[in-house]
Amino acid sequence: MSEPAIAPDRLDDYILAVPGVDALYPAGPLLTTVVASVVSALIPSVAAPNPIVVVERAGGLSISASIGVGPDHAAPDVCRRVHDAIAEHFSRAGDPVIVEIAVTVARIG
Amino acid sequence: MWRSTPRSLAEEQSRLSGHTIEDLNDYLDRGRTPSDSSIDDSPACTVALTRLERLRAALRRVDSAAVDREAERTDGWVATIIDSIRLETRAGRRIPLTSDSPVARLALTEGAVIGVLRTAGDGIDGILISRCRLEGDVTEPGEPITVRLDVSVGTDGMNTGESVRDLTARLRAAVYAVLVQQTELTIAAVDITVTDLYLTTALPTSEGEADE
């Protein structure tokens, strides 16, 4: 596992633009996210952690996102649309090999 | 009123991004100001806050005189619901969703499903869900599961001529509709147990009030 070749910049905005998505939650390990958030709050020059985790593995990229779905949408459909949006985003960004796109609905309504 | 053991407190803080239910209660008391991103950005905290707000709304509807008469019992009822909120703020099991993509790993958290079922139930006047459980292997696609709900019923929310059985039938239909829309679970049954029944009684008015 190493740093991602493609940073997930603006991917969060892309996911939040998917109809039905009303929140994006940190998908990384809780402790890492909390520590990174605290460091970011104390040291303004350090960017806040991106809620989307992109990891470069041996076979390709693994992307993880955790979302909240609004009350008037079907969570399974929104989840699939987010998967498609992520796939499209990376396709436009050089089409790297992707081994996994994990999308978890953490809240509905 | 309700207390956590040191171990359960640590588990609760782990689930709630370092916070406790009491912290969230205080946060609501403060009107969510100043805003705390460690709470607002946490799905578990968001779910717990929503449930605490519903509980507060329900308690406001309970007649204060009845609360005084049954102080111990009402306290136990509230404590049960608080304990349930503690348990249900866990993300819980991963409930898989189907996809045509070979690289997709899509899922709902058990906590998200329980949260939306509570919203459906508590949205029915006269119903307050005190406990919600998904029984069966939700991690296995197609495996039949049973939804078990413990509910409190307040007669003030029932339609004229409606029985408790009718009200629970409405609840069952609402819960089933949500399960169909929001999940791909195979539902074997939605079992509902009414654990508390609150009757609305007209309070006697004093002679002085009657004369006014």
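What follows is calculated from the coordinates using simple rules that are stated; it is not laboratory data. All of these numbers come straight from a predicted model, not from anything done at the bench. No Cβ is skipped: glycine too gets one built from the backbone with ideal geometry, and neighbour counts run over all protein chains shown.
Suppose each label sits 7 Å from its Cα in the direction of the beta carbon; what would the B:Gln13-B:Thr186 distance come out to in nanometres?
For B:Gln13 paired with B:Thr186, the spin-label model returns 4.3 nm.
Take every residue in peptide A:61-74, count the Cβ atoms of other chains within 10 Å of its Cβ, and give the average of those counts. Walk me through the numbers before you get to the answer.
Details: counts 1, 2, 2, 1, 0, 5, 2, 4, 4, 0, 3, 0, 2, 4.
Partner-chain Cβ atoms within 10 Å, mean over residues of A:61-74: 2.
Computed FRET efficiency, Cβ-Cβ of B:Leu197 and A:Asp84, R0 56 Å: what is it to the nearest 0.05? All intermediate terms of the calculation are to be shown ahead of the outcome.
Working: r = 48 Å, r/R0 = 0.86.
Efficiency for this residue pair is about 0.70.
Over segment B:91-212, what is the percentage of antiparallel beta bridges among all DSSP beta bridges, to the nearest 5? Intermediate values should be presented prior to the final figure.
Values: 12 of 23 bridges.
About 50 percent, rounded to the nearest 5.
Kindly state, to the nearest 0.05, the FRET efficiency for A:Asp13 paired with B:Glu140, given R0 = 45 Å and r defined as their beta-carbon distance. Don't skip to the end; give the middle numbers.
Values: r = 36 Å, r/R0 = 0.79.
After rounding to 0.05, the efficiency reads 0.80.
Given points 7 Å out from each Cα along the Cα-Cβ axis, report the B:Arg30 to B:Ala57 separation in nanometres with one decimal.
The answer from the label model is 2.4 nm.
For A:Ala75, what is the net charge nearby, where nearby means another residue's Cβ is under 14 Å from its Cβ and Lys, Arg count +1, Asp, Glu -1?
Values: positive: A:Arg80, A:Arg81, A:Arg107, B:Arg94; negative: A:Asp22, A:Asp72, A:Asp77, B:Glu110, B:Glu184.
Here the count lands on -1.
Please give the average number of partner chain Cβ atoms lying within 10 Å of the Cβ of each residue in B:95-102, rounded to a whole number. Numbers along the way, then the final one.
Values: counts 3, 0, 9, 2, 7, 2, 6, 3.
Taking all residues of B:95-102 together, the mean is 4.
Note down the nm distance, to one decimal, between modelled labels 7 Å out along Cα→Cβ at B:Asp125 and at B:Glu22.
3.8 nm
Could you give me D for segment B:91-212, from Stokes-Einstein at 10 °C and 1.306 mPa s, where the hydrodynamic radius is the Kirkwood radius over C-alpha pairs? Units µm² s⁻¹, please. Spell out each step's value before the answer.
Working: Rh = 16.4 Å.
The calculation lands on 97 µm²/s.
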